[in-house]
Amino acid sequence: MKSVLTTVVAAADLAGRFPSSSDLESVQGSLQRAAARMEAAEKLAGNYDAVAQEAIDAIYKKYPNGEGRDLDSNEQKSKCKRDIVHYLRLINYCLVVGGTGPLDEFGIAGAREVYKALGIGTATYVCGLSALRTRGCAPRDMSAQALVEYNTYLDYLINALS
């Protein structure tokens, strides 16, 4: 998976050089933020279901019929929640590795095409993820720095699905 460390080492190797001082500074910055990322990952891991339910509630508040899909309402909500939990798990992995690799590889690549083929608008996911973005509160949920790290990956995913 892509992380700051693997990216720096791969770029230096590709260029046939040792990592530069700026490369090492970016790795150092990532390591300094590691404690905040681990805090955010731990908090998220302990609350997947509640966090996902908040996203579902926001989606169905904005889209009461789930964008008019022809499914049983409970089945539709269940599938939507499953997808939100999948994204939250990937964000958790990103927090652990300190890079966007898990989202890039398992969440974003081809997601828009899949949703389009299934007739599902990405706007619903953007709505739910955006609600999670604005809902997060420091120090109620996590420290300010941990919330910044969490929101960074939420923003990355929201922008990719928009």
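The values are calculated or read from the model by the stated rules, or taken from the named source; none is laboratory data. Because the structure is a prediction, the values reported are computed rather than measured. Cβ placement follows ideal geometry from the backbone for every residue including glycine, while neighbour counts extend to all protein chains displayed.
Structure summary
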{"quantity": "Cross-chain or 6+ apart pairs with Cβ under 6 Å, the range 116-137 first and within 12 Å of ASN159 (Cα to Cα), then of a type in the set (Phe, Trp, Tyr)", "calculated": "THR122/TYR115"}
{"quantity": "Residue list for the range 39-66, filter: exposed (fewer than 15 other Cβ atoms within 10 Å of the Cβ) and of a type in the set (A, V, I, L, M, F, W, C)", "calculated": "ALA45, ALA50"}
{"quantity": "Residue that is farthest from VAL51 (Cα to Cα) [pool: residues in the range 124-162 that are among the aliphatic types (A, V, I, L, M) and touching a Phe, Trp or Tyr at 6+ places or on another chain (Cβ under 8 Å)]", "calculated": "LEU161"}
{"quantity": "Test: residue in the range 94-113 that is buried (at least 17 other Cβ atoms within 10 Å of the Cβ), closer than 18 Å to CYS80 by Cα and among the small types (Gly, Ala, Ser)", "calculated": "yes"}
{"quantity": "Test: residue in the range 115-133 that is surrounded by fewer than 17 Cβ atoms within 10 Å (Cβ to Cβ), closer than 17 Å to LEU44 by Cβ and among the small types (Gly, Ala, Ser)", "calculated": "no"}
{"quantity": "Unmet criterion (only one of (1) more than 27 Å from GLY136 (Cα to Cα); (2) not assigned by TED's automatic domain parsing to the domain that holds LEU147) for VAL4", "calculated": "(1)"}
{"quantity": "Residues of the range 59-92 satisfying the condition of being at pLDDT 90 or above and in contact with a Leu (Cβ under 8 Å, 6 or more places away or on another chain)", "calculated": "ILE84, TYR87, LEU88, LEU90, ILE91, ASN92"}
{"quantity": "Test: TYR87 is part of a helix (DSSP H, G or I), among the hydroxyl-bearing types (Ser, Thr, Tyr) and more than 18 Å from the chain's Cα centre (by Cα)", "calculated": "no"}
{"quantity": "Members of the range 1-27 that are in contact (Cβ under 8 Å) with a residue 24 or more places away in the chain and either over 22 Å from ALA109 (Cβ atoms) or assigned to a helix (DSSP H, G or I) (or both)", "calculated": "VAL4, LEU5, THR6, THR7"}
{"quantity": "Some residue of the range 95-111 being more than 23 Å from SER30 (Cα to Cα), free of Cβ contacts under 8 Å to residues at least 40 places away in the same chain and touching a helix residue (DSSP H, G or I) at 6+ places or on another chain (Cβ under 8 Å)", "calculated": "no"}
